[in-house]
Amino acid sequence: MTAITHHISDALLDAYVTGSLGHPFAVVVAAHLSLCDACRARAEAAEMLGGSLLDRLAPAPLSAGAQDRLLAALDDASPPPLQSTASGIFPAAVMQALGGQPPKWRMLGGGIRQQILSADSQGSLRLLYIPPGRAVPAHSHGGLELTLVLQGDFSDSEGRFGPGDVEIAHDEIDHQPVAGPDGPCICLAATDAPLRFRAMIPRLLQPLFRI
Ligand SMILES: [Zn+2]
C-alpha cells in the first residue's frame, strides 16, 4: 500500500473517541484507523487523555442498592455481537457492516456498482465500485461526506486519493470523483444528508440510488 496522505481530522477523531459520531461516519473512521498507524496513535493518545481526565474527577459514593443493580445488569447483559475480522481489501469494521459476507453489488449504470450497508436517520453508509476512468455523477451534499478508498484510486478537485486515504467533503464542495486508469476503485462512503446531483437524470434516479 502506498503511503496514506489524507487523514481523519482532529474534530472527527475526537468525536469518534468520545463515541459521539454517527454510525456511518464511525465505521469509516474505524476502517481508516485499522489501515493508518499515524491516526491509530492519535486516537490512542486522545483516549488516554480522556481517561486521565476521568481519573482526576473526585469519586462519588454509590447510592444504596446501586451496586446490586449494577451486578444485576451485568448478569442480564447479552453477549457482545460476533466481531468480524478483516477479509481481503475490507477492514474488520467494513466486514462487520457487511455481516461477515462479501459485498452483494447492485448495478447503478455505467458499470458503477454499490451496496448500501445502512441508511437511516444517522445517514447512509455504502460501498461503491467505480470502473477505471469512470466518473461518479457530479454532486454536492447538504452535510458531510466521508469517502475511504479501499482499492484503486480516484481524483477530484481536492486531489488524488489512494488506498487508505479519506476524503472529507463538506457541503460547499461540488465534486466529481473520477477513478484512476489502472483498475476499479472500491471505496466506502458515508453521508449524513442526501446527495444533490447537478444533472437532471441522476436526480430522477435518486430515489433508486437511495442517496
Ligand atoms: Zn490517518
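So for the stretch 24-33 (the condition being assigned to a loop (DSSP other than H, G, I, E, B) and either surrounded by fewer than 17 Cβ atoms within 10 Å (Cβ to Cβ) or away from the ligand (no atom under 16 Å from the Cβ) (or both)), does at least one residue qualify? The answer is no; no qualifying residue exists. Of the set (1) touching a residue at least 40 places away in the same chain (Cβ under 8 Å); (2) within 24 Å of ILE4 (Cβ to Cβ), all apply to GLN122 but (2). You will find that of GLY88, GLY152, GLY133, the residue that is under 23 Å from ILE4 (Cα atoms), out of contact with any Asp or Glu (no Cβ under 6 Å at 6 or more places or on another chain) and without any contact (Cβ under 8 Å) to a residue 12 or more places away in the chain is GLY88 and no other.
Based on this model, can you work out whether LEU57 counts as in contact with a Cys (Cβ under 7 Å, 6 or more places away or on another chain) and on the phi < 0 side of the Ramachandran plot? The answer is no for LEU57. Among the residues making up the stretch 34-64, those that are of a type in the set (Lys, Arg) and within 16 Å of the ligand (Cβ to nearest atom) are ARG40, ARG42. Residues in the stretch 80-111 that are closer than 19 Å to SER124 by Cβ, among the aliphatic types (A, V, I, L, M) and outside any loop (DSSP other than H, G, I, E, B): ALA93, VAL94, MET95, ALA97, MET107, LEU108. Only one of the numbered conditions (1) away from the ligand (no atom under 11 Å from the Cβ); (2) surrounded by 11 or more Cβ atoms within 10 Å (Cβ to Cβ); (3) of a type outside the set (Gly, Ala, Ser) is violated by ASP10, and that is (2).
Where a number appears in this text, it was derived from the coordinates with a stated rule and is not lab data. This is a predicted model, so every value here is computed, not measured. All Cβ positions, even for glycine, are placed from backbone atoms using ideal geometry, and neighbour counts span all protein chains on display.
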